[in-house]
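K.L.:
After the structure tokens below, expect a handful of questions from me.
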Amino acid sequence: MAEQPVTIIGAGLAGAEAAWQVAQRDLPVVLCEMRPHVMTPAHETDLFAELVCSNSLKSNRMTSAHGVLKQELRLLGSLVIRCADEHAVPAGQALAVDRNRFAEAVTEHLHAHPLIEVRREEVTTIPDGPAIIASGPLTSPALAAAIVALTGSERLYFYDALSPIVSAESIDYEVVFRQSRYDRGDADYLNCPFDRPQYERFHEELLNADITLHKDYDASELFEGCLPIEVIAARGIDGPRFGPMKPRGLTDPRTGRRPWAVVQLRAENRAGTMWNLVGFQTSLTYPEQRRVFRMIPGLEHAEFLRYGAVHRNTYINAPTLLRPTWQTRARADLLFAGQITGVEGYVESVGSGLVAGINAARLVRGLDPLVMPAHSMLGALAEHITTADPDGFQPMNANFGLLPRPHATRRMKKAERRKLQAELALREIERVVARELER
Ligand SMILES: Cc1cc2nc3c(=O)[nH]c(=O)nc-3n(C[C@H](O)[C@H](O)[C@H](O)COP(=O)(O)OP(=O)(O)OC[C@H]3O[C@@H](n4cnc5c(N)ncnc54)[C@H](O)[C@@H]3O)c2cc1C
């Protein structure tokens, strides 16, 4: 009897990779893509795996999280990363691609595969049978409504208002101090104190900074509670100081006085390796975030693990809805992949598509789905999005802060530790590959 096909909704970065993984395991795929009949606000072609903005898949270095993630994907036989490598353009240590040739190559490979049937149609209902929803941050409204019917409206978000996250080791602890307002509760926050001249210079630079060209949100649709910091700054010199930068109830131990303003940092993970700039969602470009936010006292050498953003982004509440195998908790044969799961970025989307594809195929074959190892970047991402605090869940990039710290008998420099973490991650993925091949 012919095997039941896996239906994949969306031939973007995640869906294209997922389709390849299923088909390479000798199972039929129905790949549904609504373009060109229905376009999204960002896509311009009918090609699969279209890069909607930058043509960079970020660094190839093994001391960068994206370098490790891409290498894991190469080991696991990713079609998308292979096409990216084949159509790379010179970009130093980054993997940047000729976007058309890259997307054309992915499209041709999928069209040529005998087990993949491509349907150019908008899907408006959740399919029965094995399926992967990979419809991306710009999921069509009709499908979004069907997802709401499945998950409940409070579990599907339409906008991202992300604050930057910095690494714990890049914070200057001589300057920041740990305290909660009025000393209530545990001292959970790190406070970056400003005096008045520092604050005024910072405010001026916030107003002067360049904002991203892809500002695809309407400020009137954002909640007052998640306005970009530069919008608050534009309301007047005291806007931020009476808002997210209010210093009330805080005393700087170095001066014994209340600072003129503060930026509060809140731990983003249990290990305390990543710290979120509270209330600093922003549309500043990435270089401007580096320039302006490094003016914050204590963050002069900040390493940004995730940049702030405000943009349209459809994503589900993964901590309540997904398992680390990318299956839904409610229906074992229904998986999600890509940006709609709450991973953020091109390579992260490819990664979740790859694992979702492998797992959809395993489920059809009656095998247990894989949970990627905790020490791999793929495993750490899945673990993060499925165990994060469901209240206020926000998308996440690949970064070293997600990986468990390696056991070490002595203090290690950052570069040395990352090298070790990268080696461990790749070793674990090699083991997964070896086990997969045994079947
Ligand atoms: C404007 C914008 C700019 C971005 N810039 C960057 C960047 O520079 N770097 C970066 O790393 N990340 C960026 N991202 C984030 C993210 O990495 C990309 O959006 C990435 O393409 C996500 O991959 P995906 O496969 O989840 O979704 P997509 O690549 O968007 O693929 C989803 C596919 O599903 C299709 N689809 C949607 N609804 C339906 C339906 N009902 N039926 C059938 N098909 C459907 C769409 O047409 C699309 O082809 C950006 C996101 C946006 C919105």
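Values in this text are rule-based calculations from the coordinates and carry no lab data. Since this is a predicted model, take the numbers as computed values, not measurements. When we count neighbours, we look across all protein chains shown, and the Cβ atoms used for this are built from the backbone with ideal geometry, even at glycine.
K.L.:
Could you tell me whether the stretch 278-426 comes out rounded, prolate or oblate from its Cα gyration tensor? Rule is a ≥ b ≥ c as square roots of the eigenvalues, rounded for a/c under 1.5, then prolate if a/b exceeds b/c, otherwise oblate.
P.N.:
oblate
K.L.:
Give a residue-ordered list of calculated ³J(HN,Hα) values for the stretch 280-295 (Karplus: 6.51 cos²θ - 1.76 cosθ + 1.60, θ = phi - 60°; whole Hz; x for Gly, Pro).
P.N.:
9, 4, 7, 9, 4, 5, 4, x, 6, 4, 4, 5, 6, 6, 6, 7
K.L.:
Rounded to whole Å, give me the distance from the Cα center of the stretch 286-318 to that of the stretch 65-83.
P.N.:
The distance from the Cα centre of the stretch 286-318 to that of the stretch 65-83 comes to 25 Å.
K.L.:
Next question. Would you be so kind as to identify which of Leu79, Gly353, Pro390 lies farthest towards the positive end of the dipole of the chain, taking Lys and Arg as +1 and Asp and Glu as -1 on Cβ and the Cα centre as origin?
P.N.:
Value computed over the given set: Pro390.
K.L.:
Which ordering of His375, His384 is given by a fewest-first count of other beta-carbon atoms within 10 Å?
P.N.:
Final ranking by Cβ density, sparse to dense: His375, His384.
K.L.:
Kirkwood hydrodynamic radius, computed over distinct alpha-carbon pairs, for the stretch 165-307: how many Å, to one decimal? Before the final figure, lay out each step's value.
P.N.:
Numbers: mean 1/r = 0.0646 Å⁻¹.
The Cα-based Kirkwood calculation yields 15.5 Å.
K.L.:
What list do you get for Arg410, Arg178 if you sort them by fewest beta carbons within 10 Å?
P.N.:
In order of increasing Cβ crowding within 10 Å: Arg410, Arg178.
K.L.:
Taking H placed 1.01 Å from N in the peptide plane, check which residues at least 5 places from Arg178 or on another chain put their amide H under 5 Å from its amide H.
P.N.:
Asn191
K.L.:
Name the long-range amide H neighbours of Val118: under 5 Å, sequence gap of 5 or more, or other chain; modelled H, no Pro or chain starts.
P.N.:
Leu31
K.L.:
Positive end of the dipole of the stretch 222-367, charges at C-beta (+1 Lys, Arg; -1 Asp, Glu), about the Cα centre: which of Asn269, Ile232, Gly366 has its Cα farthest in that direction?
P.N.:
Of the options given, the answer is Asn269.
K.L.:
Let me ask another. Quick one: check the C-alpha center-to-center distance for the stretch 234-253 versus the stretch 104-129, whole angstrom.
P.N.:
A separation of 52 Å, based on Cα centres.
K.L.:
Now for a separate question. So what's the net charge close to Ile171: Lys and Arg +1, Asp and Glu -1, counting the other residues with Cβ under 14 Å from its Cβ?
P.N.:
-2
K.L.:
Nearest-5 percent of antiparallel DSSP beta bridges in the chain?
P.N.:
Within the chain, antiparallel bridges account for around 65 percent of the total.
K.L.:
Given only helices, namely DSSP H runs of n ≥ 4 each adding -39500 (n - 2.57), what is the per-residue ellipticity at 222 nm of the chain, to the nearest 500 deg cm²/dmol?
P.N.:
Helix-only estimate at 222 nm: -10000 deg cm²/dmol.
K.L.:
Residue by residue, what Karplus-based ³J(HN,Hα) values in Hz, rounded to whole numbers, does the stretch 409-418 have, using 6.51, -1.76 and 1.60 with θ = phi - 60° and x for Gly and Pro?
P.N.:
8, 9, 5, 10, 5, 4, 4, 5, 5, 5
K.L.:
Using only the alpha carbons of the chain, what is the convex hull's orientation-averaged projected area in square nanometres?
P.N.:
Average projection, Cα convex hull of the chain: 21.8 nm².
K.L.:
For the stretch 14-98, what class follows from the C-alpha gyration tensor (a ≥ b ≥ c being the square roots of its eigenvalues): rounded when a/c is under 1.5, otherwise prolate if a/b is larger than b/c, else oblate?
P.N.:
Oblate shape, in that a/c is at least 1.5 and b/c is the bigger or equal ratio.
K.L.:
Once a ≥ b ≥ c are taken as the square roots of the eigenvalues of the Cα gyration tensor of the stretch 70-116, is the result rounded (a/c under 1.5), prolate (a/b larger than b/c) or oblate (a/b not larger than b/c)?
P.N.:
Details: a/c = 4.33, a/b = 1.44, b/c = 3.01.
Note, shape of the stretch 70-116 comes out oblate.
K.L.:
Hey, what do the phi angles of the stretch 164-176 turn into as Karplus ³J(HN,Hα) couplings, whole Hz, using 6.51/-1.76/1.60 and θ = phi - 60°, x for Gly and Pro?
P.N.:
Karplus-based 3J(HN,Hα) across the stretch 164-176 equals x, 10, 10, 7, 4, 6, 9, 8, 8, 6, 6, 9, 6 Hz.
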